[in-house]
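Everything below concerns the one structure shown next.
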Amino acid sequence: MTYSGFYAHFEKIAMKQVRSLSFRNHQDIPDGDYAFMPMYCDDKTCDCRRAIIAVLQVSPEFRVGQVATISYGWEAMSFYRKWSHGMPEDMLKIFKGPALDYMNIQSPHAEALLESFITTALDAVYIERLKKQYAMFKHKQGMKMTPELLKLVGIYEPCPCGSGKVFNLCCGKKKFSERFGRRR
Ligand SMILES: [Zn+2]
Ligand SMILES: [Zn+2]
């Protein structure tokens, strides 16, 4: 599975929706601003209902670096159990999360950042946002959408970038080749 950033496909919306936390004099986390950048799986046949969240630190000297990677799936464990066709239970737990994804970048502060993320950033509003972003992302990639996912996208609703156009004619617009397939 490969993942790409929501911002790579929806720059304007991503900039409006980014969550961040600031720390000064925290016992386990170096000073700085920390931005949570969701990524989703690129496979348009894969309905994995999960975000990989890269945590970027912007230090007081404005150096930027990835310091943690969080896995978060919002469905119940039973969903992932069925979806994965027999992934071992301890791997499934990480997959569902919220947990550190050890296949990706971590730093010595990753555990503390995960804890702050769970207690202060991962609220109901943010979870709904991740679900919606996931649906938008998959829609743009051309995944076959279930009615449930299509409803989440809200293709005829005003685009969250604030343009005033509906999503399907704005940031959700697909390229001609994606919509109709390549001509031979
Ligand atoms: Zn996937
Ligand atoms: Zn838009």
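The values are calculated or read from the model by the stated rules, or taken from the named source; none is laboratory data. Since the structure is predicted, the reported quantities are computational estimates derived from the model, not experimental observations. FYI the Cβ positions are ideal-geometry reconstructions off the backbone, even for glycines, and counts take in every protein chain you see.
Some values worked out for this structure:
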| quantity | calculated |
| --- | --- |
| Members of region 1-16 that are away from ligand 2 (no atom under 12 Å from the Cβ) and either of a type in the set (A, V, I, L, M, F, W, C) or closer than 24 Å to His109 by Cα (or both) | Met1, Tyr3, Ser4, Gly5, Phe6, Ala8 |
| Selection from region 70-102 of residues that are acidic (Asp, Glu) and more than 15 Å from Phe117 (Cβ to Cβ) | Glu75, Glu89, Asp90 |
| Every pair of residues 6+ apart whose Cβ atoms lie under 7 Å, when the first sits in region 22-47 and is more than 16 Å from ligand 2 (Cβ to nearest atom) and at pLDDT 95 or above while the second is of a type in the set (Asp, Glu) and not in a loop (DSSP other than H, G, I, E, B) | Ser22/Asp33 |
| Residue, farthest from Ala76 (Cα to Cα), within region 37-55, restricted to residues that are out of contact with any Phe, Trp or Tyr (no Cβ under 7 Å at 6 or more places or on another chain) and either among the polar types (S, T, N, Q) or away from ligand 1 (no atom under 16 Å from the Cβ) (or both) | Ala54 |
